[in-house]
Structure formats: structure tokens, C-alpha cells
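For reference, the structure is listed below as C-alpha cells.
The values are calculated or read from the model by the stated rules, or taken from the named source; none is laboratory data. Keep in mind the model is a prediction, meaning the values are calculated, not measured. A quick note on method: Cβ atoms are made from the backbone with ideal geometry, for glycine too, and the neighbour counts reach across all protein chains shown.
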Amino acid sequence: MKKRALVLVDILLMEIKINKKRAFTLIEMVVIMGSTGLIFVIIAGILMNSVKSSRRISVANSVEESGAWAIAEIRKNLLKADIESLTCPADVGSSLSFVNRLDGATNYIVCDETGGSIASVSAIAEVNFLGNSVLVSNCQDFVSCDLTSFFPVVDFKFTLSSGDEESGVDSYVERDFDATVVVRE
């Protein structure tokens, strides 16, 4: 009986030793928590950069789409122009005018930095070619014309920008646009 009791005591002590070896020490727990925290900080940084990049790409796409649409609308308007009525600035300027050969109305294509627009203005309506979040600049060099060739050549140059330059956001985008339109009847 005594032997049995000793065997039972030995078994219980072995289980206690085994259970002791399965537990983590305080140092091991601190190392695991520190490693986990470091991994979370790295992942958070990657996610924040991803969000910033996504915002910057979205703003760049908005600027690009606005510029492309403005150029397409300018071309569409000039293709309706009566060549004889085309009035351009002497060198470079911020607007030009022409008579629309389809409806006979005088149209102006204007770049206005203070109003933040590139627009077609006529007696009928004013159509802004830019979205609300996009700003225009360099309107003083917006249009130049070569009226000496058989078909007038009109060059447009402008800069569009959008976004924020706040600390930590950096989603500001600025892009120059340049287009040439040959006006034909």
C-alpha cells in the first residue's frame, strides 16, 4: 500500500512539473506582447500609406478627367465656329470669341482664375467645363492663335489643380494641359 501511495505521489508531482513547463513565463509574455505590438504598428503604417496613396490617385484622376473633358468641350465648340468670325488675342490671352455657325450666336471661351472656371459663354448660357473641386491657373496664357494659315490654329494652355496640402494628407495634384485645335468649316 505504501508503494502505491508513493507511486501516486510521484505521478501527481510529475503532472505538476509537466503543467509548470507548459505555462509561459512573464518574460516570454512581455516579448510576445512587444512583438505583437510592433507588428500592429507596422501594419497600421502600411494601411495609412495605402489610404494616402488612394486619395492622391483619386485626386489625380479627377484633375486628369476635368482637363480632358475641358479640352474636348473646347474642341467641340471651336468646330462649330465660323472661321471668319474667330477673334483671338494679339499674342496670348485668357479668352477668344467666335460666331457659332449653327445658331448664329456669339460664343466666348474664357479662362477665369478668380471664378475658377474654363467656360463657354454665350447669350443663351454659360457652361463651365470644370468640376467644383478643380481649380484653374495660368489663364493669362490660356489661348494663342495663328490666323495666317489656311485654317486657323488655336493653342490652349492651362493648369488644373486639386486636393489638400494639410499636414499628413498630401493629396495635392497639379497638372499642365496643352491642346491644339485646327478650326475648319
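General observations
- So Asp112, is it more than 19 Å from Phe151 (Cα to Cα) and in contact with a helix residue (DSSP H, G or I) (Cβ under 7 Å, 6 or more places away or on another chain): yes
- One residue stands out in segment 120-143 among those that are crowded, with 20+ Cβ neighbours inside 10 Å and farther than 17 Å from Cys88 by Cβ: the one that is nearest to the chain's Cα centre (by Cα), namely Val134.
- Matching residues in segment 88-113 - criterion: being at pLDDT below 85 and of a type in the set (Val, Ile, Thr): Val92
- Candidate set: segment 104-119, residues that are outside any loop (DSSP other than H, G, I, E, B) and surrounded by fewer than 16 Cβ atoms within 10 Å (Cβ to Cβ); chosen: the one farthest from the chain's Cα centre (by Cα): Thr106
- The lone exception for Ser97 - which of (1) more than 15 Å from Ala70 (Cβ to Cβ); (2) part of a loop (DSSP other than H, G, I, E, B) it fails: (2)
- Listed conditions (1) in a loop (DSSP other than H, G, I, E, B); (2) within 16 Å of Phe177 (Cα to Cα) are all met by Pro89, apart from (2).
Per-residue answers, yes or no, for (1) of a type outside the set (A, V, I, L, M); (2) under 30 Å from Thr159 (Cβ atoms); (3) surrounded by 10 or more Cβ atoms within 10 Å (Cβ to Cβ); (4) at pLDDT below 90:
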residue	(1), (2), (3), (4)
Leu6	no, no, yes, yes
Leu13	no, no, yes, yes
Arg22	yes, no, no, yes
Gly34	yes, no, yes, no
Ser50	yes, yes, yes, yes
Ser54	yes, yes, yes, yes
Ser58	yes, yes, yes, yes
Val63	no, yes, yes, yes
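- Complete set of residues in segment 89-103 that are within 33 Å of the chain's Cα centre (by Cα) and surrounded by 19 or more Cβ atoms within 10 Å (Cβ to Cβ): Leu96
- Residue that is nearest to Leu79 (Cα to Cα) [pool: residues in segment 128-185 that are among the acidic types (Asp, Glu) and in contact with a strand residue (DSSP E or B) (Cβ under 8 Å, 6 or more places away or on another chain)]: Asp155
- Segment 152-171: number of residues that are at pLDDT below 85 and either surrounded by fewer than 16 Cβ atoms within 10 Å (Cβ to Cβ) or among the charged types (D, E, K, R) (or both): 7
- Filtering segment 125-175 to residues that are without any contact (Cβ under 8 Å) to a residue 40 or more places away in the chain, in a loop (DSSP other than H, G, I, E, B) and not small (Gly, Ala, Ser) leaves Asn132, Asn138, Thr148, Phe150, Asp164, Glu165, Glu166.
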